[in-house]
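The structure appears below as structure tokens.
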Amino acid sequence: MDRRHFLRAAGALAGLGGGCLDLPPAQAASDYRALVAVMLYGGNDGLNTVVPLDADRFARYTAQRGALALRRSADAGQYIGPLLPLADGGWGLHPRLAALKPLADVGRLAHLANVGPLARPTTRADYASWRSANLARLPEALFSHSDQQTLWLNGASRTEGSAIGATGWGARLAELLGAGNYSLAGNARFGCGSGGNALNLPAPGTNLRAGLDAWRPGAANPVLARLSDGFVASARAPIDNALFNAFARIRSSALDAASRLQPVIAATPSSDAGYAAIDAAFTRARPNGAGSQAAYGSTLGNQLYQVAKMVASRASVGGSRQVYFVALSGFDTHGGQLGSQAVLLGQLAVALAAFFDALGTLGLAEAVTACTLSDFGRTLRPNSSGGSDHGWGNTQLILGGAVQGGAWGSYPELTPGGPDDAGIDSWEQQGRWIPTTSVGQYGATLGRWLGLDDAALLAAFPDLANFAQRDLGFMKR
């Protein structure tokens, strides 16, 4: 078999999704914890996700946001109101996040203000100086979708010459912990590691063994049967052929993964009584602004449904630590933002509410934390198309039983051209906030909750050494 044919065959066996197929050993997972990263592709407008309600900041917010400003009173479609006051009355959730308010009311929802890629603490004066004289001190390619997605998922301010290379911070945490690394949203930088990538898992109802059974010993196709017999033999008594030995390991891992995960991945609502509590949570209608919807059937809902089953089946899946990646797209709201963001936030809220409802029923809400990520924030000032443009610092949500709920981070002043604005010249003063918290600090706080110490976190996040505060405090210990 030449290299070309070998790679073609390897691609067939990698039908589980590409990446590292090695699973942690099956075991009774004690002290179990899982992190679920929720990527909001396109750049979610955090300024309209959580809004300050104190009189001074709300007045500045309303004046600067103009037609994009949310209101305390309701509109017919609940695109702009009513804002949903959180426990202390100082903050309001977007009206389409209504399904998450019960979590906020019991202290299981935190919001972290003005977080984004940073190499080091950066003031407005620093930014003005460095962008003209020392770009290496700033994150690379600011305000670009592809580059900022890479930096957020990479967990560093720069990729050029970085010690962590093309790996993602989810994979680095998983490797340091010996944790399972899984993606329900395809190949993404977050799950790319130095020793392998996230195991990509498909939608509910998928037969993981499809295409793999042809490779079993004694398969009907005589050519495949002979190849399979050869790979089995090489796995049992390795030969001096790197390609065959590598393929034998892939084959063995793929079949093991398919066998262990098949019952979990294939289950759909009502198909497996063992997942009845999860099914009930994901098929129950929840408030979605002006209407209601169930999580199951939506893109993000189906991804989180798979994660919920994996968490429930953690003993057979293996490992006491797991890292998951899920995603929802469509947040690049340059036009018609009020309607499009409302729909997306409704889907986000319903899916996450169903997920934590299921975990609560299973007694696992304390063991799982979900956190949002996104390309960047958006401009405070609206554009002429009823939307907002690319920003920098942004608000992110953290949910779970181990979360210290409430407001975290340093909220921007909401003054275009003020101390938090990256716009130096008058024409660019649109309210693109210079982050006061780095992605590395955000990820390190979550990594510490998973069980990593200072040395491991500094290895995982190369910019973290430049920041005095390395634990932001929003997680319980």
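I'd like the residue in segment 357-392 that is acidic (Asp, Glu) and more than 21 Å from residue 298 (Cα to Cα) and, out of all such residues, is surrounded by the fewest Cβ atoms within 10 Å (Cβ to Cβ).
If we take residues in segment 357-392 being acidic (Asp, Glu) and more than 21 Å from residue 298 (Cα to Cα), then 366 is surrounded by the fewest Cβ atoms within 10 Å (Cβ to Cβ).
Determine which member of the set 137, 158 is under 14 Å from residue 117 (Cβ atoms) and at pLDDT below 95.
So the residue among 137, 158 that is under 14 Å from residue 117 (Cβ atoms) and at pLDDT below 95 is 158.
From the list 314, 260, which one is touching a helix residue (DSSP H, G or I) at 6+ places or on another chain (Cβ under 7 Å), closer than 30 Å to residue 363 by Cβ and among the basic types (Lys, Arg)?
260
Being hydroxyl-bearing (Ser, Thr, Tyr), more than 20 Å from residue 185 (Cα to Cα) and part of a helix (DSSP H, G or I) is the filter here; which residues of segment 286-332 pass it?
Hit for segment 286-332 is 316, nothing else.
Does residue 207 count as without any contact (Cβ under 8 Å) to a residue 60 or more places away in the chain and not small (Gly, Ala, Ser)?
Spelling it out, residue 207 is indeed without any contact (Cβ under 8 Å) to a residue 60 or more places away in the chain and not small (Gly, Ala, Ser).
Under 8 Å between Cβ atoms, at least 6 apart or on separate chains: pull out the pairs that start in segment 141-167 with a residue that is without any contact (Cβ under 8 Å) to a residue 24 or more places away in the chain and end on any residue that is surrounded by fewer than 14 Cβ atoms within 10 Å (Cβ to Cβ) and not basic (Lys, Arg).
159/165; 159/166
For segment 36-69, how many residues are touching a Ser or Thr at 6+ places or on another chain (Cβ under 9 Å) and without any contact (Cβ under 8 Å) to a residue 40 or more places away in the chain?
1
Contact list please: Cβ distance under 6 Å, first residue in segment 360-375 and among the aromatic types (Phe, Trp, Tyr), second residue buried (at least 22 other Cβ atoms within 10 Å of the Cβ), pairs at least six apart or on different chains.
Final answer for the pair search is none.
Give all pairs with beta carbons closer than 9 Å in which a residue from segment 339-356 that is surrounded by fewer than 24 Cβ atoms within 10 Å (Cβ to Cβ) meets a residue that is assigned to a helix (DSSP H, G or I) and β-branched (Val, Ile, Thr); count only pairs at least 6 apart in sequence or on separate chains.
347/299
So which of 120, 172 ends up being surrounded by fewer than 24 Cβ atoms within 10 Å (Cβ to Cβ), among the basic types (Lys, Arg) and out of contact with any Pro (no Cβ under 9 Å at 6 or more places or on another chain)?
None of the others qualify; the one that does is 120.
Just checking, which of 467, 474 is in contact with a Ser or Thr (Cβ under 9 Å, 6 or more places away or on another chain), over 30 Å from residue 99 (Cα atoms) and not polar (S, T, N, Q)?
467
Which residue out of 156, 125, 133, 113 is farther than 19 Å from residue 379 by Cα, surrounded by 15 or more Cβ atoms within 10 Å (Cβ to Cβ) and small (Gly, Ala, Ser)?
Selected residue: 156, the only one of 156, 125, 133, 113 that is farther than 19 Å from residue 379 by Cα, surrounded by 15 or more Cβ atoms within 10 Å (Cβ to Cβ) and small (Gly, Ala, Ser).
Just checking: which of the strands (runs of 3 or more DSSP E) contained wholly in segment 368-477 hold 1 or more residues that are in contact with a His (Cβ under 7 Å, 6 or more places away or on another chain)?
394-400, 406-409
In segment 73-103, which residues are within 17 Å of residue 405 (Cα to Cα) and without any contact (Cβ under 8 Å) to a residue 24 or more places away in the chain?
Of everything in segment 73-103, those that are within 17 Å of residue 405 (Cα to Cα) and without any contact (Cβ under 8 Å) to a residue 24 or more places away in the chain turn out to be 84, 101.
Within segment 1-57, can you find the residues that are part of a helix (DSSP H, G or I), buried (at least 21 other Cβ atoms within 10 Å of the Cβ) and either modelled with pLDDT of 95 or more or of a type in the set (Ser, Thr, Tyr) (or both)?
The answer is 46, 47, 48.
Checking residue 428 against (1) free of Cβ contacts under 8 Å to residues at least 24 places away in the same chain; (2) within 21 Å of residue 153 (Cα to Cα), only one condition comes out false. Which one?
Going through (1) free of Cβ contacts under 8 Å to residues at least 24 places away in the same chain; (2) within 21 Å of residue 153 (Cα to Cα) one by one, residue 428 breaks only (2).
The values are calculated or read from the model by the stated rules, or taken from the named source; none is laboratory data. Everything numeric here is computed off the predicted structure, so don't read it as measured data. So basically every Cβ, Gly included, is an ideal-geometry build from the backbone, and we count neighbours across all protein chains shown.
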